[in-house]
Amino acid sequence: MSRGETQHPSVTLKLSGHTAIVEPDRFTPGSYQLVVDGTPQSHVNLDNPSELFFEYIQRIGHVIDLLGDPGEPITAVHLGAGALTLPRYVEATRPGSRQQVVELESDLIDFVRAELPWDKRAQLRVRHGDAREVLAKLPAGLHGSVDLVVVDIFSGARTPAHVTSREFYELTAPLLSQRGVLAVNVADGPGLAFARSQAATLSAVFGHVIGLAETQVLKGRRFGNIVFVAAHTPIDLDWIPRLLAGGPHPAKVIEGTELKQFMASAQVVTDETATPSPLPGRTVFQIGR
């Protein structure tokens, strides 16, 4: 059968109406990509879940690696599931970790479970619903005990407005343990107005924030992803050279004075002023319909 005739598994998601497709990675055996509404959302290697593909996911992976002692189990909450790339990574590198995954599209989880099953031994609970609504209902026992909260929420190619505001981040703050960090994936393009406002908003809620991205993205020269890491306590400065060394290259970390300069006069986002993340051009992903 020719490549053009190949039918990849797909499903139409009931809530959004988007089409989700699982495509094999032609270059890495055992690896697959989840594409939703034409946007690549996840890449997983079923044979080696510790292998991360997307640049921003690799950067979050490096942050995870620096939590506590190597291999030590952690407690994690993932807002936005995709194909559960990071929950798989945590289980592979920190067996025995307790993880909660929140996903709005329940049929997406069912689809991923069927097409890209994860290790049944993982202590992984999936909660269905809007991330913000579920946050407000999480068990009180999680408050102050979570080592990692990941915010990677997309509807198609955009992050919905209601999960970008100060009020939203204030719901995540009580979860973090003394050593806990919040990792937020922010997608933005030239000018970086959205990313700057997210940095300002996170800084209004958390005492310590750093940004991590490819150099040209931080300069606003191309559309891409910035990972912001926020915490209640100072982020270990020893992390910075290790995050830089971990790549992907070229990489840059902004913190302290440089982060303040990056934010400049950006305003804190509230529920009243929140907007979705900017829509990338089709050439960013080069996936045809």
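Read-outs: derived from the displayed coordinates by stated rules, not from any lab. Keep in mind that this is a model prediction, so the values were computed, not measured. Reconstructed Cβ throughout: ideal geometry from the backbone, glycine too, with neighbour counts over all protein chains shown.
So here's what we get for this one:
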item: Local electrostatic count at residue 161 - Lys and Arg +1, Asp and Glu -1, tallied over other residues with Cβ under 13 Å; result: -1
item: Centroid-to-centroid separation of the range 143-176 and the range 3-59 [C-alpha atoms, Å]; result: 23
item: The chain: antiparallel DSSP beta bridges as a percent of all, rounded to 5; result: 60
item: Listed candidates [x] 57, 40, 38; [y] 53, 50, 39; [z] 62, 49, 36 - label of the one calculated as Cα extents along the principal axes in Å; result: [x]
item: CD proxy at 222 nm, helix term only [per DSSP H run n ≥ 4: -39500 (n - 2.57); per residue of the chain; nearest 500]; result: -7000 deg cm²/dmol
item: Separation of the residue 120 and residue 170 label points, Cα + 7 Å toward Cβ, nm; result: 4.5
item: Gained length - residue 257 relative to residue 50, 0.36 nm times residue gap less alpha-carbon distance; result: 71.1 nm
item: Rule-of-thumb Rg ratio for the range 125-246 [Cα; 2.2 N^0.38 Å; N residues]; result: 1.07
item: Positive minus negative residues near residue 240 (Lys, Arg vs Asp, Glu; Cβ under 13 Å); result: -1
item: Percentage relative contact order, the chain, counting C-alpha pairs under 8 Å, at least six apart; result: 16
item: Distance between modelled label sites at residue 12 and residue 204, nm, 7 Å Cα→Cβ extension; result: 4.1
